[in-house]
Each structure stands twice: as structure tokens, then as C-alpha cells.
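Encoded as C-alpha cells, the structure appears first; notes follow it.
The values are calculated or read from the model by the stated rules, or taken from the named source; none is laboratory data. Source: prediction; values computed, not measured. Don't worry about glycine lacking a Cβ; one is built from the backbone with ideal geometry, like all the others, and counts go over all protein chains shown. Surface accessibility is based on the protein's heavy atoms, side chains included, excluding ligands, DNA and RNA. Shrake-Rupley method; radii C 1.70, N 1.55, O 1.52, S 1.80 Å.
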Amino acid sequence: MTPDEASLTAQGDGGVAEAGERSSSSVPRWVVKAIALFWLGWVVVYIGTGAVRALRSLLVVLLISIFISFAVEPAVNRMETWKIRRGVGVWIVYLVSLLAMAGFSAAIGTALADQIDSLIDEAPTYLDDLEGWLQDNIDDDIDLQRIQDEFVEGGGISDLAERFADDLVNFGTALLNIVFQAFTVLLFTFYLVAEGPKLRLTIGSLLAPERQEMLMNIWDLAIEKTGGYVFSRTILAVISALAHGIVFEILDVPFPIPLALWVGVISQFIPVIGTYFAGALPLLVSVLDEPRKALWVLVMIVLYQQVENYLLSPRITAHTMEIHVAVAFGSVLAGAALLGVVGALLALPFAATVQAFISGYLHHRDHGG
């Protein structure tokens, strides 16, 4: 090999080595793309999380509106078969529901107001009875007269009345906010129900045919399960109110009909703690009237709950809310953790819809559909 050829060979080897070093030191294109996608995803998640937090109240209103629209639509569909327009049907449902809630609120409010007045009037007597019991069972020297004088003559009753008035003012402010939120919910619900078929067609037109069928199945399942939930709970509430009303009347508990309505409605439409919350009011009223009655009221509430859990509820909800007890309990806890009281109320129909859809999908797949 000549000196010139050796020099060219050396230069060639050096160029190849330099090119190899450049190629090994350069970043692959897929790494750059992965880094860009990561940061883009982070920005989207960050902005999306902030938007969800900012719009949380609106999202809750929309969820409530969707739930109510699913519950109302079966009745509106039935009225549509009677040649009643969907918008008019929604207003009829609103009017009936408003009258029912107004009657319920008036009955419970009257009972509570009378019991508060009775408590204030009978407070000195309760203190005398308490003093006698303490002297008989604990110490003869116990004297509650000073407490009684302070409560009656020192302004305790007037202070209680003033605090109650302040609470009423605060309650009125909260009620005004609730009314505004309720108006917004009813407005969304009206359009979701009145324009329901058009809305489904509009959304379905954006999807492929097989996706359209899946959407319609999910939508119909949600309406079926939500309507079934409301129907079954209404039936159980009526039975519960009748049973408790009869027993309260026999026991001569004050305001038997309002208290029976309270137990029936609250125990059925507030998940998990509804039964205990519903039973607290009649127990309190019966204790203030005559403590012995409270024991029988407690026995009635506990016995009826067992009858409902093991006899009534499985039969009534068998075809409307087929959902496992563990799934129901877990869904209520999850809903409460995510959205508070609203999530707890919406958890059962949502869980029933998801469970029914999964069961239907698995059945369809297993049979080669």
C-alpha cells in the first residue's frame, strides 16, 4: 500500500468513527416524542383538574339533573302515549311533586314547631322531675332550683327563642340558595326530558352504528334502573308510612300522620343512615310527650326494619333494583366520598345501571351476539 492510500484509509476510518460517535450521542426521535407527549399530558391533566374543581358545583347540578330526568322520563313517556306533549308532561310531574313536597314539609314543620313550643313550656316540669330522680337515686342534697330560676326568670327561655330565631334567619338564607340551585336543576331536567329523543339522536349521529346501539342500551338501562329505584322506594315508603302511622295512632303519639310520613320517606330515600335518622324524630317526640311511649316506638321501628329487610324489600326490588348488598353499600360509600350527600343518593341507581349493563354485555358475548 502506498503512503497516499494509507493516508486515505486512515482518513476514511476516522470519518466512520466520527459518524458513529455522532449517531450514538444523538437522542432517538421516539424519546423526544415521548417527552413531549408526557408534558402535554401533564398540562392537559393540570388544566382539566382545575376546570373540574372550578366547575364542581355545575357538574353536581348536571348529575342531579340527569338522575331526575331518568326518574321522570318513564312517566313522561307514558303521558306521551296519551297524546300529551313531553314539555307539558314534565310540568305535570313538577306540579305533582311540588304539591307532595309542600304537604310533607308543612306537616313536618307544624309538628316540629309545636314540639319546640311544648319543650319550652314544659322545661320547668322536666327540671323538677329530673331533680326528684337525682335526689332519689344519687344524692338528697341535689338542688336544681337555681338552674330552673335561671332558665325561667333569668332569660333562658328568651335566649333560646332568640337563638332559634337567628337559626331561622340562617336557615332562610340557606333555603334561598337551595331554591336557586333547585331552579337550575329543574331547568336542566326540563330540557333533558322534553328534548330527550332528539338529544339521543343527536349524540348517536356522532358515533358509529355499533356504538349507537351501545349508547341506546346504556341510556335505556339507566332510565329503567333509575325509574325502578324511585318506584320501588316509593312503594316501600308508602307501606312504611301506613304501618308506622297505625302504630303511632294506637300508641297515641303526637302527630302520628306527619311522623309516619317522615319515617316512610326519610328511611327509604336516604341510603344507609336513613333508617336511624328517620327514627330519631318520632323517638324524640314520644320522649317529650311520655317517655314510656318512646320504648314502644323504638320496638316498632326495629321490628318493622327487620320485616322490611327480609320480607318486603327483596320482593319489591327484585325486578327493579337487582343489586348485591355489598355492591350497594360500597357504591354509597364511594358516592359519598366523591360528591357528599348527592353522591350517596345517586350511587344506588348508578351502580344498578352499571351492574345491569355489565351483565347484559357478558351475556351477549357468551352467546356469540
Segment residue 246-residue 273, length gained on full extension (0.36 nm per residue, minus Cα span): 7.4 nm
Stretchable slack from residue 178 to residue 112, in nm (0.36 nm times residue separation minus alpha-carbon distance): 21.7 nm
Gain upon complete extension [residue 299, residue 216; 0.36 nm per residue less C-alpha separation]: 25.1 nm
Selected from 97, 60, 74, residue furthest toward positive end of dipole (the stretch 52-101; charges at beta carbon): 60
Calculated from backbone phi, Karplus (6.51, -1.76, 1.60) coupling profile of the stretch 214-224 in Hz, x at Gly/Pro: 5, 4, 5, 5, 5, 4, 5, 5, 4, 5, 4
Two-site label geometry, residue 88 and residue 52: point separation in nm, points 7 Å out along Cα→Cβ: 4.4
Probe 1.4 Å, all protein chains present, accessible-area order of 312, 55, largest first: 55, 312
Only Lys, Arg (+1) and Asp, Glu (-1) charged, at Cβ; the stretch 220-344 dipole about Cα centre in debye: 120
